[in-house]
1. Would you tally the residues in the range 21-41 being farther than 16 Å from Ser88 by Cα and open to solvent by less than 30 Å² (accessible area, probe 1.4 Å)?
2. What do you reckon, is Leu13 part of a loop (DSSP other than H, G, I, E, B) and either at pLDDT below 90 or surrounded by 14 or more Cβ atoms within 10 Å (Cβ to Cβ) (or both)?
3. When both residues are 6+ apart or on different chains and their Cβ atoms are under 6 Å apart, which pairs have a first residue that lies in the range 56-68 and is in a strand (DSSP E or B), and a second that is among the polar types (S, T, N, Q)?
4. Which residues, counting only those in the range 46-67, are in contact with a strand residue (DSSP E or B) (Cβ under 8 Å, 6 or more places away or on another chain) and within 17 Å of Val79 (Cα to Cα)?
5. Taking the criterion of being within 23 Å of Ser28 (Cα to Cα), surrounded by fewer than 11 Cβ atoms within 10 Å (Cβ to Cβ) and free of Cβ contacts under 8 Å to residues at least 40 places away in the same chain, would at least one residue in the range 43-55 satisfy it?
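The values are calculated or read from the model by the stated rules, or taken from the named source; none is laboratory data. It should be emphasised that the depicted structure is a prediction, and the values quoted were computed from it without experimental measurement. With ideal geometry, Cβ positions are generated from the backbone for all residues, glycine too; neighbour counts draw on all protein chains shown. SASA here: full protein model, heavy atoms, side chains in, ligands and nucleic acids out. Shrake-Rupley method; radii C 1.70, N 1.55, O 1.52, S 1.80 Å.
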Amino acid sequence: MRWRLSQGDPLDLPREPATDPLSTVLGSLVGTFSVVTITWLVILGFVGGTVPVVGWHLPGGLAGGLAWLMVVASLGVVVLWFVPLMLSMAAYAALSRLAPALSRAVKRPHRPEQPRNPISRAA
């Protein structure tokens, strides 16, 4: 493979992708909510107690915890990850239409490179 001058500098890296602060915040909130809630429900299955919202009483123990872990691993992932993800996507779509400034990408200003002359530094 030969490098040609018309192809630009071979050491140029691709530009960084622009980040969207609203999607970053919503994605972080969904991920944090899902991890904390599923972890808490799994611990609740082994310790025992009442599941909020639905009111199910869990007896606790090793067998009850493993059975509850199977429920949380299947149904819990759908309810505690997929549903909040869909809700956050709907919120993002609504907010980006209401306030376009929130959904604009944050870009770093491009600074033109100044030619460096080693002879002028030495003087």
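1. So the count comes out to 2.
2. yes
3. Here the result reads His57/Thr50, each pair linking the range 56-68 to a residue that is among the polar types (S, T, N, Q).
4. Once the filter is applied, which keeps residues that are in contact with a strand residue (DSSP E or B) (Cβ under 8 Å, 6 or more places away or on another chain) and within 17 Å of Val79 (Cα to Cα), the range 46-67 yields Val51, Trp56.
5. Looking through the range 43-55, none of the residues is within 23 Å of Ser28 (Cα to Cα), surrounded by fewer than 11 Cβ atoms within 10 Å (Cβ to Cβ) and free of Cβ contacts under 8 Å to residues at least 40 places away in the same chain.
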